[in-house]
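The values are calculated or read from the model by the stated rules, or taken from the named source; none is laboratory data. These numbers come from a predicted model, not from an experiment. FYI the Cβ positions are ideal-geometry reconstructions off the backbone, even for glycines, and counts take in every protein chain you see. Surface accessibility is based on the protein's heavy atoms, side chains included, excluding ligands, DNA and RNA. Shrake-Rupley method; radii C 1.70, N 1.55, O 1.52, S 1.80 Å.
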Amino acid sequence: MEFEKRKAATMASLGCTETDKSPKGSLDAPIIPLLTAINSHPCFFTTSSCSGRISILSQPSSPAPAEKKKARGGTWLYISHSPADPDSILSLLFPPVPAQPPCDLVFRFEPLILAIECRDLDSAQFLVSTAISCGFRESGITSANGRRVIVAVRCSIRLEVPLGRSNDIAVSREYVRFLIEVANEKMEANRRRTDGFLQTLLQKNGFGDTPVKLVNGTGDGESLEYIEDLGKDAPLDKSDGYSEVHDCSLSVAWLNVCGEPIEKLFLWGHSACVIDKGSTKKVLVHGGFGGMGRHARRNDSLLLDPLDGTVEAIDTAGAPSPRMGHTASLIGEQMFVIGGRADPTSILSEIWALNTATNQWTLLNCNGDSFPPRHRHAAAVLGSRIYVFGGLNNDTIFSSIFVLDEKDLRWEELKVGGEQPCARHSHSMVAFGSQIFMFGGYNGEKALGDLYSFNVKTRVWRKEKALGRSPYARFSHSMFVYKHCLGIIGGCPVKQHFQELSLLDMHSQSWKHFSLNSVGKELFVRSTVSVVGDDLVIVGGGASCYAFGTKFSEPMNIALHTLAASNQFPFNCQQVQQLENPQNLGEALGSSSEDGKGLSETWKSASNWYLQFERKHAKPGKDLLKKFGWLDHGRKVCSSSNGTRICFPVTEKLYILFHEKGRVDPSIDTSHGSESNIVELPPLKESVGQGISLNEISSSKALNLLKQCGGTILAYETAEFRKSVRSPSIVIKQAAASLIKQKGLPEKLLEQLPSRWERLGDIVVLPGTSFKDPLWDTIGGELWPIIAKALNTNRLARQGCVAPTGTRDSTLKMLVGDNGWVDHRENGILYSFDATKCMFSWGNLSEKLRMARLDCGDEIIVDLFAGIGYFTLSFLVRAKAKLVYACEWNPHAIEALHHNLKANSVADRCIVLEGDNRITAPKGVADRVCLGLLPSSEGSWVTAVRVLRKEGGMLHVHGNVKDSDENTWVEHVANSIHSIATSEGRCWEVTIGHVERVKWYAPHIRHLVADVRCKGNQR
C-alpha cells in the first residue's frame, strides 16, 4: 500500500502546473513516451529524469585551496535537450563584452538518466537487466533499504571539457565547433539507445497499457481529459471507427507576433471575438488561464491583428475578475462575457459587457429566469439574442438552454421539444441561418460526437445526420462557420494523427476532412478559432500533463482559401450520393425552407408533430386529416390545459406539405399569423348539402382550409399540455399518501415530508424535521426503499441532532443500507467517517475554504477540536501547514481522523493528541489555534492562550451568537482573551482582526468566527 501511495502522490505532483526543482522546471519532452510507458506499469514509477543534455556550466572561479573541498555551485550558461546549435553557443562564449565577474566555464554532454522506484527487488532486477541489454550498462539498484527500492538507468557516453574563464576562453572557435559536433553525435547515440529501451519495454507485459491522464486546467480540480498514443510509433486507435483518410491537407502556420510579448497569448479556456477596427478586423481575446510569468487565470483583454501579427493590450476600465471557461458573444459594439470560473470554488453566473468603442466594462443586472452559475458552457448569437446551452457547476452538468435578450437583459429558460441533447459541457455551438448548431462535449462519462440543430422559432432540437464519416467524439474543441460550411477542429481526446479539420457542407450535407500539416505537434485543446476573411485564426490552447508538464500552443493561422485551389471547396456535389428525398437534407438551405432553416429542418419525425386548432374547428379539422391520411392514429389527441385548443398528431407527409412552397392556392389568403386573418372552417359533410362535401375537396384545398382556420404545426413537447416527468418530491408524496391511506394513518403525517435533502458521499440524508412521528416507522419498511429509488441512491438516512455530549456524537439514522461509513470529497480533501457516529456540517464549507486559503507554510497550528479533521485537513492539505497538533477525545472521530490523514498523505505533518485538550494540548508552540466548537468554545480559551507561543499568534474562536448580540460577543471575546493572557503573564496586545459570519445556525442565531490577533508588546 505504501508503494501505491507514493506513486499516486508522485503522479499527482507531476500533474501540477507548478515548476519542478530541475533547472528547466518541467519534464523533458524527448522522453515523454518512455516516462509514459514506465509509469503505466503497476510495478514502477519515475522519481526523477533527464533525457540527456548539452550544457555549459558557469562556476565561480576557484578560490585558494581550502582544507575541505566544497561545491562551488554555479549556473547554466547554456542548456539543450536536443542537438546544439554551434552559432548560438559561439555567440555566448565570445560576446563583444565579457561577463563580469569572470567565471569558469565547462562544456558538458550528459546522457539519459532515470531514477525509478520499483515495487520489489524482483521488479528492480528485471528493469536493470533490460536497461543493460539496451546499452545502459551503468544501470543498477541504488537503494534497497527495505522501505524503497530505487533503480538508476544510465550509461557512460559522457563528455566534460573545461573551456577556460568567461573573460579568457582557452580554446578556439574551431575547437568549440568540434566539441559541439562530438556532443551532437553523442546526443544522437543517446536518442537511439533511449528509443531502443522504449521499444523493448513496450514489448513486455504491462508497459504502455494505460493512457496518460491530462489535466486541462490548473491542477486544482479541473476535469480530467485524456491523451493517448503518445509513443512515436504507436499504432492508430481505430476502435471508434476513425479512418486516417483525408480529402486533402491544409497548412498551419505560426503567426509572427509583435507588440506585446507572445507569452500573453499562451492561454487556454479564454474567449475570442472578431471586431471591426476601422478598415481591419481584429481578434479580441479575453481572460483564460496562462499568460506571462506564473500561470494563472487572467482578466486581460488583448487585440490581435491577424494581418501583421500585432498584439495590443487594451486599457479597459473596471474589468471583471480573472476567469476561464466563460463565453464571449459580440452584438454590435458590445461584447458580452457570461459565466466562467474564478477559482476552483467560485463558479460564476454574472454577465459583463465590454463596449469595444470606449473600452468600458459594465456589470449587467439581468432579470427574468434565474441563470445558474456555470463554466465550460457554449453560447451563440442570433440577432439581439444570446443562446446558452449546457455547462458545468461542480458535479452538476446542465442540459437546459437559456436565452438572453440584449435589448431588455432578460434571461429566459426555454421550454423545448424534439430530440433533446443530453447534459454536457465543453461542447461547441455556432449560429447558422436561423438555427443553432451544437457538436460534441462531455457528459460526465464519455466524449460525445453528436451534432444537433436548434430552431429558435419552433424551439425544437433535432439530432442531425449527414453523409460521410462524422468527426470523432471530442470535447474542449472549437467550431466555426465559413461560407456555407460548419467547421470543427481540435479537442480531446488528443490522439496521434488526429490533427484534422472537418467541414460539413450545408448544401451537399456531407462531411469532408482535411489533415493539418502543422509546424509542430500542437494541442488545439480549449483554444479559440476566429474566421477573419479567408483565414482561420487559432489562439491559445494546450494542456497540463504529468508526462510533459504545461504546454501552450502559439497563435496560428490556416488559409482556408487554399481549399478552392484544391478543388475541394465548394464541394463537388456530383461526388455526393443523392438522397432519396431531397427535401430531407439536400434542400436545407434551398427553396423548401422559407425561414432559412438549417440542416434537415424541412421535416421532422412524425412522432414530434401536432396540428393545433381552436376547439370549434376540431371536428371538421379532424375529418380533413382523416380523409387524406394525415392523422397519425398511433398517438392520442391532446388538449391544452384550459381546453380551448385541440392538438391532433399528424404524419410526416402533412408536415412536409404544410411547409412546402407552391402548395397553396394563391387566390386564397392563407396568412394565419394574425387573428384578423383566421376564418371559420365550414362544416364538412360526406355528401352535397349544407357546408362543403368531403368528396369535393382536393388535398390542396384541404391544406388551404387548414391554414385558413389558424391551424398551427407545433412540437408536442412545447405544447402547454406536455406531461412533465415526476419529480422526486412528487414520487415521495404519492407513495407516502398511498401507504398512509392503505394503513389508515392520519393524513396530517404528510406535513412531515421533506422538501429538501443533502448528499453525503453516496448517502442521501433527509433533514431531521422530516418523518419525526413514530408512526412513520410502521410503514418505513415499504416507504424507505421507494424514497431511495426516487432519489437515485442505495443508502438513505435521516439526520439527527448532534448529541449533547462532550464527544459530539452523531445521531444520524440509516433508513436504507447497513452501515454509515462514507467517503465525502470537499475542496479537494477526502473526508471518510462513520456518519452514524461522527457529525459532519455542510454549513462550515465557507469557513474551511477560508482556512484553506491561508498561507501557513511556516506555521505550527493547534486544532483543539479536530473531530474527523474538518479544519485540520484544510490546514495541512491546502494551507500547507508545517505541523498541526490535532486534539480530539471522541474515539470514533479519532479513528476517522487517522484514516483521513493517511488518505490525504499528510500524516507525517500531524500529531494526534487523544483526550481532553485542556490536558493534552502542548504549551507555547503554536502560531495559530483553531477553536471550532459549537455552541461555544469558551471552556478552552485558557488552553488556547497557553498553547500560543510567548510572542503571540492568531486564535480562530467559534461561537453561536444571537444576531442582536454580535458586537457584545466580539467585545467579550477580546476582553476575555486579554484578561486570560494577563493572568498567564503574557503582555499581549489583543485585537479582533475579522469576524466571519459562517451561517445561520438557527433562527436569529449565527455561527460566528472571531479572528483574535495576540501580539507581544515590546518592553
Spatial extent of the stretch 315-469: Rg and Dmax, with the Cα atoms as the point set, Å: 15.5, 49
Kirkwood-Stokes translational diffusion coefficient of the stretch 613-653, alpha-carbon pairs, 37 °C, 0.692 mPa s, µm²/s: 314 µm²/s
Carbon plus sulfur fraction of accessible area for the stretch 729-798, probe 1.4 Å, in percent: 49 percent
Separation of the A296 and E971 label points, Cα + 7 Å toward Cβ, nm: 4.0 nm
³J(HN,Hα) computed for each position of the stretch 487-492 - Karplus, 6.51 cos²θ - 1.76 cosθ + 1.60, integer Hz, glycine/proline x: x, 9, 8, x, x, 10
Column: log10 I(q)/I(0), Debye, Cα scatterers of the stretch 729-798, q = 0.11 Å⁻¹: -0.23
Restraint check, K204/K446; K446/K789; K748/K772, Cα-Cα greater than 21 Å: K204/K446; K446/K789
In order through the stretch 507-513: 3J(HN,Hα) via Karplus (6.51 cos²θ - 1.76 cosθ + 1.60), integer Hz, x for Gly, Pro: 7, 8, 6, 9, 8, 9, 10
Amide H within-cut-off set for G417, under 5 Å, with H built and near neighbours excluded: V460, W461
Binned Cα-Cα distances of the stretch 314-403, short to long, each 10 Å bin given as a whole percent: 17, 51, 29, 4
Cα-Cα over 19 Å, subset of K457/K653; K5/K902; K457/K626; K281/K551; K457/K483: K457/K653; K457/K626; K281/K551; K457/K483
Pairs beyond 22 Å (Cα-Cα), from K415/K465; K616/K707; K962/K999: K415/K465
More than 23 angstrom apart: percent of Cα pairs within the stretch 843-1016: 36 percent
Whole-Hz couplings from phi, Karplus 6.51/-1.76/1.60, listed for the stretch 149-165; x for Gly and Pro: 10, 10, 10, 10, 9, 6, 9, 10, 7, 9, 8, 8, 10, x, 10, x, 9
Inter-label distance for N792 and R756, nm, one decimal - labels placed 7 Å from Cα along Cα-to-Cβ: 2.0 nm
Convex hull volume per residue in cubic angstrom - Cα atoms of the stretch 771-893: 115 Å³
D (Stokes-Einstein, µm²/s), Kirkwood Cα radius, the stretch 424-516, 1.306 mPa s at 10 °C: 118 µm²/s
Debye intensity ratio I(q)/I(0), log10, the stretch 870-928, q values 0.14, 0.23 Å⁻¹ (C-alpha model): -0.36, -0.96
Ordering of 275-283, 35-43, 744-752 by burial proxy (mean other Cβ atoms within 10 Å per residue, highest first): 35-43, 275-283, 744-752
Sparse-neighbour loop sites [trypsin sites (Lys or Arg not before Pro); the stretch 96-201; at most 16 other C-beta within 10 Å; DSSP]: R119, R137, R147, R148, R158
V637 accessible area, assembled protein chains, probe 1.4 Å, Å²: 70 Å²
Trypsin sites (Lys or Arg not before Pro) restricted to DSSP loop in the stretch 290-389 with at most 11 other C-beta within 10 Å: R294
Nearest-20 debye value, the stretch 729-798 charge dipole, Cβ charges on Lys, Arg, Asp, Glu: 100 debye
Most to least accessible of E696, E263 (protein chains only, probe 1.4 Å): E696, E263
Protein-only accessible surface order, largest first, of D450, D762, D535 at 1.4 Å: D762, D535, D450
Where L560, L382 fall by accessible area, highest first, once all protein chains stay in place (1.4 Å): L382, L560
Peptide ranges 309-317, 622-630, 646-654 listed from the most packed, as the mean C-beta count within 10 angstrom indicates: 646-654, 622-630, 309-317
Interchain or long-range residues, amide H under 5 Å from L913's placed H: A886, C887, E888
Amide hydrogen neighbours beyond the local backbone of A378, cut-off 5 Å, H modeled: F389
Mean Cβ neighbour count within 10 Å, used as a protection proxy, ranking 1005-1016, 987-998, 858-869 highest first: 858-869, 1005-1016, 987-998
